[in-house]
Amino acid sequence: MKLFGRELEGFAKALVVFVAMLLVTSGLCGMTNLLEAKYGGWYSLPNAFWGNFLGFAGIIVGLLIMASAIGIAFTLVAWPIAVLYRRITNSGKNRARNPIDGRDDESNDSR
(Lines give C-alpha, C1' and ligand atoms only; values in the text may rest on other atoms or scores of the structure.)
Protein backbone atom coordinates (compact mmCIF):
# COMPACT_ATOMS: atom_id res chain seq x y z
CA MET A 1 0.00 0.00 0.00
CA LYS A 2 1.46 3.32 -1.04
CA LEU A 3 0.96 6.16 1.41
CA PHE A 4 0.69 9.79 0.41
CA GLY A 5 3.83 11.79 1.06
CA ARG A 6 6.35 8.94 1.11
CA GLU A 7 8.25 10.40 -1.83
CA LEU A 8 8.33 13.89 -0.29
CA GLU A 9 11.27 15.12 1.73
CA GLY A 10 12.53 18.32 3.27
CA PHE A 11 10.30 21.37 3.35
CA ALA A 12 7.54 19.73 1.30
CA LYS A 13 7.19 16.91 3.82
CA ALA A 14 7.23 19.37 6.74
CA LEU A 15 4.48 21.40 5.10
CA VAL A 16 2.33 18.29 4.52
CA VAL A 17 2.79 17.19 8.15
CA PHE A 18 1.88 20.61 9.56
CA VAL A 19 -1.20 20.94 7.32
CA ALA A 20 -2.39 17.45 8.31
CA MET A 21 -1.82 18.33 11.97
CA LEU A 22 -3.84 21.53 11.53
CA LEU A 23 -6.73 19.67 9.91
CA VAL A 24 -6.86 16.99 12.61
CA THR A 25 -6.62 19.43 15.50
CA SER A 26 -9.27 21.68 13.95
CA GLY A 27 -11.63 18.72 13.83
CA LEU A 28 -10.84 17.87 17.45
CA CYS A 29 -11.48 21.48 18.43
CA GLY A 30 -14.89 21.34 16.75
CA MET A 31 -15.76 18.10 18.54
CA THR A 32 -14.74 19.58 21.89
CA ASN A 33 -16.84 22.68 21.26
CA LEU A 34 -19.85 20.56 20.28
CA LEU A 35 -19.59 18.52 23.48
CA GLU A 36 -19.29 21.65 25.58
CA ALA A 37 -22.25 23.25 23.82
CA LYS A 38 -24.36 20.12 24.23
CA TYR A 39 -23.77 19.91 27.96
CA GLY A 40 -23.91 23.67 28.56
CA GLY A 41 -20.27 24.53 29.23
CA TRP A 42 -17.46 23.37 31.49
CA TYR A 43 -19.16 23.79 34.83
CA SER A 44 -22.62 22.42 34.16
CA LEU A 45 -21.52 18.94 33.12
CA PRO A 46 -22.86 16.03 35.23
CA ASN A 47 -19.63 15.68 37.14
CA ALA A 48 -16.63 17.93 37.51
CA PHE A 49 -14.16 15.46 35.98
CA TRP A 50 -15.63 15.61 32.47
CA GLY A 51 -15.93 19.37 32.60
CA ASN A 52 -12.29 19.75 33.59
CA PHE A 53 -11.26 17.13 31.03
CA LEU A 54 -13.01 18.94 28.18
CA GLY A 55 -11.53 22.24 29.28
CA PHE A 56 -8.03 20.74 29.42
CA ALA A 57 -8.56 19.01 26.05
CA GLY A 58 -9.65 22.32 24.54
CA ILE A 59 -6.51 24.05 25.80
CA ILE A 60 -4.26 21.27 24.45
CA VAL A 61 -6.02 21.33 21.06
CA GLY A 62 -5.69 25.11 20.93
CA LEU A 63 -1.96 24.87 21.62
CA LEU A 64 -1.58 22.24 18.89
CA ILE A 65 -3.45 24.45 16.42
CA MET A 66 -1.10 27.33 17.22
CA ALA A 67 1.96 25.07 16.91
CA SER A 68 0.87 23.78 13.50
CA ALA A 69 0.07 27.30 12.27
CA ILE A 70 3.50 28.50 13.40
CA GLY A 71 5.09 25.48 11.69
CA ILE A 72 3.25 26.23 8.44
CA ALA A 73 4.30 29.89 8.58
CA PHE A 74 7.93 28.99 9.33
CA THR A 75 8.02 26.45 6.50
CA LEU A 76 6.51 28.89 4.01
CA VAL A 77 9.08 31.54 4.99
CA ALA A 78 12.14 29.25 5.21
CA TRP A 79 11.53 27.29 2.00
CA PRO A 80 12.06 30.17 -0.47
CA ILE A 81 15.00 31.42 1.57
CA ALA A 82 16.67 28.00 1.34
CA VAL A 83 16.00 27.79 -2.41
CA LEU A 84 17.45 31.26 -3.01
CA TYR A 85 20.47 30.47 -0.85
CA ARG A 86 21.17 27.32 -2.87
CA ARG A 87 20.87 29.20 -6.15
CA ILE A 88 23.05 32.09 -5.04
CA THR A 89 25.83 29.95 -3.58
CA ASN A 90 25.63 27.21 -6.25
CA SER A 91 25.71 24.61 -3.49
CA GLY A 92 25.61 21.11 -4.90
CA LYS A 93 26.88 22.17 -8.33
CA ASN A 94 30.44 22.25 -9.60
CA ARG A 95 31.85 20.77 -6.41
CA ALA A 96 33.83 18.03 -8.10
CA ARG A 97 35.20 20.23 -10.87
CA ASN A 98 38.89 20.70 -11.32
CA PRO A 99 39.56 24.44 -11.53
CA ILE A 100 42.38 23.97 -14.05
CA ASP A 101 40.73 22.05 -16.89
CA GLY A 102 37.07 21.89 -15.76
CA ARG A 103 36.84 18.08 -15.89
CA ASP A 104 35.38 15.96 -13.11
CA ASP A 105 37.77 14.60 -10.49
CA GLU A 106 36.94 11.02 -11.50
CA SER A 107 38.04 11.68 -15.08
CA ASN A 108 41.30 13.24 -13.83
CA ASP A 109 42.36 9.94 -12.27
CA SER A 110 42.95 8.35 -15.68
CA ARG A 111 45.90 10.64 -16.52
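Here are some notes:
- Residue selected from the range 28-42 under the condition modelled with pLDDT under 70 and not aromatic (Phe, Trp, Tyr), by the criterion nearest to Pro80 (Cα to Cα): Gly41
Every residue, every condition in (1) surrounded by 11 or more Cβ atoms within 10 Å (Cβ to Cβ); (2) part of a loop (DSSP other than H, G, I, E, B); (3) modelled with pLDDT of 80 or more, yes or no:
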| site | (1), (2), (3) |
| --- | --- |
| Glu7 | no, yes, no |
| Val19 | yes, no, yes |
| Ser26 | yes, no, yes |
| Ser44 | no, yes, no |
| Trp50 | yes, no, no |
| Phe56 | yes, no, yes |
| Ile60 | yes, no, yes |
| Ala69 | yes, no, yes |
| Phe74 | yes, no, yes |
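The values are calculated or read from the model by the stated rules, or taken from the named source; none is laboratory data. All values derive from a computational prediction rather than experimental measurement. With ideal geometry, Cβ positions are generated from the backbone for all residues, glycine too; neighbour counts draw on all protein chains shown.
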